[in-house]
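Some notes on the structure that comes next.
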Amino acid sequence: MSWVKSVQYSGEDVFDEDADDINLQDKEWKFNMQKRVKDGYVDGIDHGKEASLQLGFNMGYREGAARTTAVGRLKGIISAIQCWCQLQRPDNPTPASVADLLQRVIKHEHSIMEAIRTTFENPIPTASNVSETMEDLSVREEENCCGDGGCSKDSACCKKDCDKEISPMLMQKPNLSTALPIDPVTIPGENVDQLVQCCMDLVYELGLPQELIQHLHQLKSA
Amino acid sequence: MTRNSEDLFDCILMADDRFHVEGYREGFDEGTRQGMTDGRKHGALHGAKLSMEVSFYYGFGITWKCLLQNNTDAKARKRLKALESLIGLIQKFPHEDPQFETLQEDMEKVRAKFRQVCSLLNVPTDFSDYVKSGGSGGMSF
């Protein structure tokens, strides 16, 4: 039986008549293994999506919500002032300045939504091109960390940020968090601060309660 | 002989697994990337819309409260009570948390309260697009 062993272990096709068979088996093996890789890939995509969709949704949700709070509130304040003017002075037309400011706020609101739509349409950059962009632009970080800009994406303080935002499941890809733009949404036209200032002027002009000024102050970006 | 063929069999199974895992890892990374992108896009729009709506009600409420607070007649007191209730609802409503359990129900309560406030103030409710739009869809996949 020793020859059997030698055949098995050497792996060489010592008998010529078997050569075709072995080639065929080899091809079949390769085909099967390629299929295994493909099947794995498809399963992986499904599971990866499943695992990250809600996470991405939550992350985007908070980002989106944070961007519209001030403008929404400002619109509410001016709408209320407009209604109040109409009810208090039914004979006089609403001051043009109120209607005008409301239109400007609504326009700004649309710009913000449009900016969010276009910004998030673009896929999250891959890890490698993020690190390139970070170097190219010497991206400024949040004020609580890396304020001097001299910190690489690997440093401990940025990792801490990743921990906060990304669940442990994604820790194998910590760059996903650095891929999140800090404030990429540039909105054309006026900014909220200007509109808030106009609203403050209006409150003085119409002789409305001072308390409103405090509420408006809260809307100004720190 | 038996031991050897077992090893060989194990070897085949392991290879089978190994190739599957190899593909799986690559697919998982790609799927994660796609999921994050898609989820984030939808989340950002939902979050922006809902936050804008709630913030609008809040701004509307606090302003009317400021405008009416020095009036002492019964009508004004009734209006102020409704306004305070609206402001209170919004303040304890974590609208920035998409997975908050009763987000949709609470949002409906806020909308209903806003409609009530508008009617007490003699303000036509339909001046705002929000009230007409109703529910803004699910908060999760």
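The values are calculated or read from the model by the stated rules, or taken from the named source; none is laboratory data. All of these numbers come straight from a predicted model, not from anything done at the bench. No Cβ is skipped: glycine too gets one built from the backbone with ideal geometry, and neighbour counts run over all protein chains shown.
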- Note on the structure: Only one of (1) over 26 Å from A:L55 (Cα atoms); (2) within 12 Å of chain A (Cβ to nearest Cβ) does not apply to B:T37, and that is (1)
- Task: Please find, among B:H46, B:H42, B:H95, the residue that is buried (at least 19 other Cβ atoms within 10 Å of the Cβ) and touching an Asp or Glu at 6+ places or on another chain (Cβ under 9 Å).
- Result: B:H95
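Select from the range A:38-70 the residues that are among the hydrophobic types (A, V, I, L, M, F, W, C), within 7 Å of chain B (Cβ to nearest Cβ) and more than 14 Å from B:D29 (Cα to Cα) and list them in ascending order.
A:L55, A:F57, A:M59, A:A65
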- Message: Return the pair list, or none, for Cβ contacts closer than 8 Å from residues in the range A:193-222 that are surrounded by 12 or more Cβ atoms within 10 Å (Cβ to Cβ) to residues that are acidic (D, E), at least 6 apart or on different chains.
- Response: A:K220/A:D193
- Taking the range B:63-75, which residues are at pLDDT below 90 and within 13 Å of chain A (Cβ to nearest Cβ)? B:Q69, B:N70, B:N71, B:K75
